[in-house]
Amino acid sequence: QEIDMSDDSFAFVDVAGGGLTQGCLHELLKDRYPKPIHTFFFKIDRVNLVKESITDTFMPSFLPNNLTIEMMCRAPHGQTKGYRSEEGRLVPELEEGEGDAIIRHGFYDYEKGILKFSELMCKVSRQCNRQIGSLHNILLYLQYIAERPSQEVLEYFATVPSSDSGREEEIREYAPRLAEADLKRIFLRDMSEPLERYYKGSNLNYSILRASEKEKSLIEKYREEYNSAAGKLFRQENERRKKELYDCFGRAAFYPVDLLEERLVLYGAGKFGHDLYRRLAEDKAHKIVVWVDKEAESYQKQGFNQIQPVSRIEAEEFDQIVIAVFRKELADSIREELMQLGFDAKRIVWIRPYNPINPREVWRTEQIG
């Protein structure tokens, strides 16, 4: 945003990380500030050996469910979506929605509680004439919150509004409760697939802590069934069906079409675009109102007359524009072009293709728009 680099008396502060981002920042600033970037971390998740960074950390330790620390440090405002100039200064433009949800969740009462607790701890420390704010004691508190929380503490942090990327349409809970169908899918049916395809939270272990005794028994039952002979036969049959689907629709065979609206514009006529077109054409819940590509004229000469130029979108009524390309960089570029043409970003969707047949091509499902 704005950094006073007239001397070396500036630094960054972060809750958790590994220093890689600060190395990237050095690359941006090195022409104006060639010295290392100094950052104070509360904890180091991993140590990236970036020569252009100086990192100091308070807690150099791995903590199970360590993402919970992020929930303890939420800010009562949304993600930064850009910057604007205001009276000669650059100020951030913040997303609306998530910040309001965090406040409604009780952020300010939580903040008051922290201050009151700190006052009491300092009072005890003075009365006992002992330093009680040691790293050892702090680790005990963090382990309690992350692994063995009381029901009240668990429910507060598990239900904190959370998003991984800041671009999600829906404001989700950090660790939502799991229905019986979720338990069966996670621990019995689809353990080989990326968890992000069907778990809507950020911390599965914390969601498990919220489970009832009956639900925990089901988890153990499903884990046993998963490793049984019947479970292995089921997975073999499941893999056979997956291969048949893949042979028919390619990567589009596993595209989560249930995330899409009814009337669709399909953007992209490459290999994946053709696969997804065939998949959606057989799906009765969806209708492709138009299929477009920048190279429509070239495709029409090859006999694909249904592929239209991008300008055709304006003449159609639709719910979503689905970008059917494999690379995220290309999807981002297409999305920007569509936004410049006046199309609402919320109606533009890209979901990275996923191929469970080849483990090397297992990707995290990611949506933009």
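Amide H contacts of residue 94: 81, each under 5 Å away and 5 or more positions distant or on a separate chain (H built 1.01 Å from N in the peptide plane; Pro and chain starts excluded).
Consider all pairwise Cα distances in the chain and report the whole-number % of them above 28 Å. For the chain, the fraction of Cα-Cα distances above 28 Å is 61 percent. Projection of the Cα convex hull of the range 258-352, averaged over all directions and equal to a quarter of that hull's surface, yields 5.7 nm².
When the chymotrypsin sites (Phe, Trp or Tyr not before Pro) in the range 1-100 are filtered for DSSP coil states and for at most 14 other beta-carbon atoms within 10 Å of their beta-carbon, the remaining sites are 10, 62.
Neighbours of residue 263 by Cβ distance under 13 Å: Lys/Arg scored +1, Asp/Glu scored -1, total -4.
For the range 100-144, a Kirkwood radius taken over Cα pairs fed into Stokes-Einstein (37 °C, viscosity 0.692 mPa s) yields D = 269 µm²/s. Only beta bridges with both residues in the chain are counted; by DSSP, about 30 percent of them are antiparallel. Evaluate the relative contact order of the chain (contact order divided by residue number), counting alpha-carbon pairs under 8 angstrom at least 6 apart; express in whole percent. So the answer I get is 10 percent. For the range 250-312, the extents of the C-alpha atoms along the principal axes are 32, 23, 15 Å, listed from largest to smallest. Which distance in Å, rounded to a whole number, links the C-alpha centroids of the range 295-317 and the range 55-117? Taking the Cα centre of each part, the range 295-317 and the range 55-117 sit 46 Å apart. Taking a straight Cα-Cα cut-off under 14 Å and skipping sequence neighbours fewer than 8 places away in the same chain, the aspartates and glutamates within cross-link reach of residue 51 are 27. Rolled with a 1.4 Å probe across the full set of protein chains, the surface gives residue 290 an accessible area near 10 Å².
May I ask for the equivalent-ellipsoid semi-axes of the range 208-329, computed as the square root of five times each C-alpha gyration tensor eigenvalue and listed largest first in whole Å?
Result for the range 208-329: semi-axes of 40, 18, 11 Å.
Accessible-area rank, largest first, for 57, 21: 21, 57, with all protein chains present and a 1.4 angstrom probe. A simple count of charges around residue 152, restricted to other residues whose Cβ falls under 14 Å of its Cβ and scoring Lys, Arg +1 and Asp, Glu -1, yields 0.
Report the Stokes-Einstein translational diffusion coefficient (µm² s⁻¹, integer) for the range 277-331, Rh taken as the Kirkwood radius over Cα pairs, at 10 °C with viscosity 1.306 mPa s. Result for D is 127 µm²/s. Around the Cα centre of the chain, unit charges on the Cβ atoms of Lys, Arg, Asp and Glu (plus for the first two, minus for the last two) sum to a dipole of about 1300 debye.
Report the per residue volume, in Å³, of the convex hull enclosing the C-alpha atoms of the range 119-165.
Spelled out: Cα convex hull of the range 119-165, divided by residues, is 123 Å³.
Near residue 53, the amide H atoms lying under 5 Å from its own belong to 37; only residues 5 or more places off or on other chains count, and H is placed 1.01 Å from N. Considering only 87, 173, 244, give the residue with the highest GNM mean-square fluctuation for the chain, with springs between Cα atoms whenever their separation is below 10 Å. Result: 87 has the largest fluctuation of those listed.
By the compact-protein rule of thumb, 2.2 N^0.38 Å, the alpha-carbon radius of gyration of the range 33-118 corresponds to a ratio of 1.43.
The values are calculated or read from the model by the stated rules, or taken from the named source; none is laboratory data. None of these values were measured; they are calculated from a predicted model. When we count neighbours, we look across all protein chains shown, and the Cβ atoms used for this are built from the backbone with ideal geometry, even at glycine. Heads up: the accessible areas ignore ligands, DNA and RNA and are worked out on the full protein's heavy atoms, side chains in. Shrake-Rupley method; radii C 1.70, N 1.55, O 1.52, S 1.80 Å.
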